[in-house]
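K.L.:
Below: one structure in structure tokens.
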Amino acid sequence: MSERLRLVFAGTPEFAVPCLQACLRAPVDVVAIYTQPDRPAGRGRQLAASPVKQTALAAQIPVEQPETLRDPDAQARLRALAPDLMIVVAYGLILPRRVLSIPKRGCWNVHASLLPRWRGAAPIQRALLAGDAETGVDLMRMEAGLDTGPVLLERRTPIGPDETGGSLHDRLAVLGAEVLADGLARLLDGRLPAAQAQAEHGVTYAHKLDKAEARLDWSLPAAALERTVRAFDPWPVAEADIGGERLRIWSARAIDVPHAASPGQVLAAGPAGIEVACGEGVLRILDVQRAGGRRIAVRDYLNARPELKSAAGSIP
């Protein structure tokens, strides 16, 4: 290219920061950064800048924070930037058709799944909940549909047996930055591959997480509950009633042990964990958090609740 690419970046949470940093390192002109308006955060509920905004301010890049991109004035401001390309990573606002058509080279999106599996808002957690063995990131051209655009580049990675929502989030954020940097380099060198349409089969949707989903249902198999605990770490964190107390469950392991107990019955409690009967198998709870407390190991929790040890039965 004879002239430097004029790039606009749109993103909001921590997941988008590595991709933004990749754009700032590339030989392009990042002319503006779009992010959602400041939101109340923390105990004081003070307005806080998004991680992307903080990165943009540190890099002295102009920041735009429209409430919606459907507003004609917001569209006019974007058009005035004369962008060649817009990069969207976990922005959180819908891009109308008129916005998609503004950049000369269109809009790219970095999405944390292997499309068409897990289109939508929470692909990382949904992959864990479903017990997927593999996931990854796709760099795709955006179109009006929800994550339906053709894929330019893809990176794959296995999901580890101890993977949590937090650890997978962090790995995919780095992988997303790598695939985006590769895409930009290929574009600038004139060797960008043709975008491949997504398969028509295998479409699944990663619906937004609901805190109600974090409540453990003991009638389910222990393996499914372990996946829930891992997927919802660090948010919204699994919850369950144990011995009459509501606890947040930070870490647990499924044990393939037959039993005749009712789901939810505490079968054993000791230094190795609290073992609870499930619809199939047993869930051994390892780390918990009491209301108003901090995350602690079960052995420390049981020091405050010795009655659980004496009340628990033994696994038949």
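Each value in this text was obtained by applying a stated rule to the coordinates, not by laboratory testing. Predicted model only: the values in this text are computed from it and were never measured. When we count neighbours, we look across all protein chains shown, and the Cβ atoms used for this are built from the backbone with ideal geometry, even at glycine.
K.L.:
What nm value, rounded to one decimal, do you get for the distance between Arg215 and Asp73 when each label is placed 7 Å out toward the C-beta?
P.N.:
4.3 nm
K.L.:
Here is a follow-up. Subtract the Cα-Cα distance of Val257 and Ala133 from 0.36 nm times their separation in residues, and report this length gain in nm to one decimal.
P.N.:
42.3 nm
K.L.:
Long-range amide H contacts for Gly243: which residues qualify at under 5 Å (H placed 1.01 Å from N, peptide plane, sequence gap of 5 or more or a different chain)?
P.N.:
Amide H neighbours of Gly243, under 5 Å, 5+ apart: none.
K.L.:
Same structure, new question: For Cα extents along the principal axes in Å, the listed values are (1) 59, 45, 35; (2) 76, 46, 31; (3) 65, 38, 34; which was obtained by calculation from the structure presented?
P.N.:
Of the listed options (1) 59, 45, 35; (2) 76, 46, 31; (3) 65, 38, 34, (2) comes from this structure.
K.L.:
Tell me which residues come under 5 Å, amide H to amide H, from Glu280 once H is placed; ignore anything under 5 positions away on its chain.
P.N.:
Result for Glu280 returns Ala222.
K.L.:
Which value at 222 nm does the chain reach when only helices count, each DSSP H run of 4 or more adding -39,500 (n - 2.57), with the total divided by all residues and rounded to the nearest 500 deg cm²/dmol?
P.N.:
Mean residue ellipticity at 222 nm (helix-derived): -7500 deg cm²/dmol.
K.L.:
If you don't mind, there's one more thing I want to ask. Can you tell me the 0 to 90 degree angle between the C-alpha axis of helix 165-189 and the longest principal axis of the chain, rounded to 10?
P.N.:
That helix lies at roughly 20 degrees to the long axis.
K.L.:
At a Cα cut-off below 14 Å, give the aspartates and glutamates reachable from Lys53, other chains included and same-chain residues fewer than 8 away excluded.
P.N.:
Glu14, Asp38, Glu64
K.L.:
Could you let me know the centre-to-centre spacing of segment 84-103 and segment 191-224, using Cα atoms, in angstrom?
P.N.:
Computed from Cα coordinates, the inter-centre distance equals 23 Å.
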